[in-house]
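Here the structure comes first, spelled out in structure tokens, and everything after it is commentary.
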Amino acid sequence: MGTSSDTRLIDGPDHAPATVLLAHGAGAPMDSPFMAAIAGGLAAAGWRVVRFEFGYMARMRETGRRQGPERMPVLQEAFRQQVRLETGESPQRPLFIGGKSMGGRVASLLVDELAASDGVRGCLCLGYPFHPPGKPLQLRTQHLAALRTPTLILQGERDTFGRREEVETYSLSPAVQVLWIPSGDHSFKPTRSSGLSEAENWAAAAAWGDGFVRGVLGG
């Protein structure tokens with residue numbers, strides 16, 4: 001673990017060639033085992049990884065009382081503020097944004113805007129919520145068809161928010177790449193019969209995220 005504050009965790013070298021700014025999902029905080037594994041894997045590959053919490057999650061941490069996420073405009077503005085903080089501190093360091101589930105969705109809704117205003121280079125979505133579980137017609141894909149900024153979605157093959165057989169029928173922008181976590185659920189946990197472990201799938205996700213960042217920077 002690197003440095004920390006009330007609402008941010010930072011891993012990886014201080015002089016890394018790029019920063020990856022990650023937001024958590026709707027129900028678990030920035031220091032969940034999933035978020036820690038992805039951040040640790042990316043940091044071990046040489047990137048500076050910043051995790052942050054939205055206001056509602058920070059309040060849950062303080063009070064111990066569960067509450068739902070704020071409305072999307074509030075979440076988006078919180079993400080913008082984190083981007084401004086990063087670009088203000090290190091204006092020359094390339095910045096990638098992303099997150100787990102809801103956090104990745106917020107990032108993907110902002111990435112074209114932030115690419116234009118703040119030079120954000122790409123977006124990394126970890127288990128994208130293509131639709132609510134059991135509601136495959138309530139798609140959250142309209143903006144994904146028009147994205148211009150490089151975006152990588154890492155998705156479990158059996159994710160109830162968008163299984164492989166569903167997602168492969170969607171119209172996505174050429175800027176969006178989807179890679180499949182074998183037998184993974186929404187948090188990439190595989191079935192016992194797959195012979196894979198959760199830790200192996202998390203490590204694979206971090207490795208693919210590393211390859212994505214390197215590819216964008218080298219392109």
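Within segment 136-146, is even one residue touching a helix residue (DSSP H, G or I) at 6+ places or on another chain (Cβ under 7 Å) and of a type in the set (D, E, K, R)?
yes
Pull up segment 106-118, narrow it to residues that are under 10 Å from the mean Cα position of the chain (by Cα) and among the small types (Gly, Ala, Ser), then point me to the one that is farthest from Ala28 (Cα to Cα).
Only one residue fits best here, namely Ser108.
Filter segment 119-141 for residues that are open to solvent by 50 Å² or more (accessible area, probe 1.4 Å) and within 18 Å of Phe79 (Cα to Cα) and give the result.
Arg121, the sole residue that qualifies.
Please work out if Leu154 is within 18 Å of Phe34 (Cα to Cα), outside any loop (DSSP other than H, G, I, E, B) and under 14 Å from the mean Cα position of the chain (by Cα).
Yes.
Please specify each residue of segment 142-171 satisfying the condition of being surrounded by fewer than 20 Cβ atoms within 10 Å (Cβ to Cβ) and touching a strand residue (DSSP E or B) at 6+ places or on another chain (Cβ under 7 Å).
Within segment 142-171, Leu147, Glu157, Arg164 meet the criteria.
When segment 172-189 is examined, which residues are found to be surrounded by 16 or more Cβ atoms within 10 Å (Cβ to Cβ) and either among the charged types (D, E, K, R) or without any contact (Cβ under 8 Å) to a residue 12 or more places away in the chain (or both)?
Listed by number, the residues that qualify are Asp185, Lys189.
This table checks each residue for (1) surrounded by fewer than 19 Cβ atoms within 10 Å (Cβ to Cβ); (2) without any contact (Cβ under 8 Å) to a residue 12 or more places away in the chain; (3) under 22 Å from Gly218 (Cβ atoms).
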site: Arg8; (1), (2), (3): yes, no, no
site: Asp11; (1), (2), (3): no, no, no
site: Ala23; (1), (2), (3): no, no, no
site: Pro33; (1), (2), (3): yes, yes, no
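Are there any pairs with C-beta distances below 7 angstrom linking a residue in segment 151-169 that is in contact (Cβ under 8 Å) with a residue 24 or more places away in the chain and among the polar types (S, T, N, Q) to a residue that is buried (at least 24 other Cβ atoms within 10 Å of the Cβ) and assigned to a loop (DSSP other than H, G, I, E, B), with the two at least 6 apart or on different chains, and if so which?
Pairs that qualify, where the first residue is in contact (Cβ under 8 Å) with a residue 24 or more places away in the chain and among the polar types (S, T, N, Q) and the partner is buried (at least 24 other Cβ atoms within 10 Å of the Cβ) and assigned to a loop (DSSP other than H, G, I, E, B), are Gln155/Gly127; Gln155/Tyr128; Gln155/Gly162.
Report, by residue number, each residue of segment 122-140 that is within 14 Å of Ser108 (Cβ to Cβ) and in a loop (DSSP other than H, G, I, E, B). If you could, list the steps in order and put the result at the bottom.
Within segment 122-140, the first condition is being within 14 Å of Ser108 (Cβ to Cβ), and the residues that meet it are 122-130, 139-140.
Of everything in segment 122-140, those that are within 14 Å of Ser108 (Cβ to Cβ) and in a loop (DSSP other than H, G, I, E, B) turn out to be Gly127, Tyr128, Pro129, Phe130, Leu139, Arg140.
Which one is least open to solvent (accessible area, probe 1.4 Å) among residues in segment 50-74 that are of a type in the set (A, V, I, L, M), within 29 Å of Asp210 (Cα to Cα) and without any contact (Cβ under 8 Å) to a residue 40 or more places away in the chain?
Met57
Inside segment 79-105, can you point out the residues that are farther than 13 Å from Arg8 by Cβ and either within 9 Å of the chain's Cα centre (by Cα) or among the polar types (S, T, N, Q) (or both)?
Thr87, Ser90, Gln92, Ile97, Gly98, Gly99, Lys100, Ser101, Met102, Gly103, Gly104, Arg105
Can you tell me which residues in segment 190-203 are open to solvent by less than 30 Å² (accessible area, probe 1.4 Å) and part of a helix (DSSP H, G or I)?
Asn201
The values are calculated or read from the model by the stated rules, or taken from the named source; none is laboratory data. The model shown is predicted, which means the values in this text are computed figures rather than measured ones. Here the Cβ is made from the backbone with ideal geometry for all residues, glycine too, and neighbour counts use every protein chain on show. We work out accessible area using only protein heavy atoms, side chains counted, and drop any ligands, DNA or RNA first. Shrake-Rupley method; radii C 1.70, N 1.55, O 1.52, S 1.80 Å.
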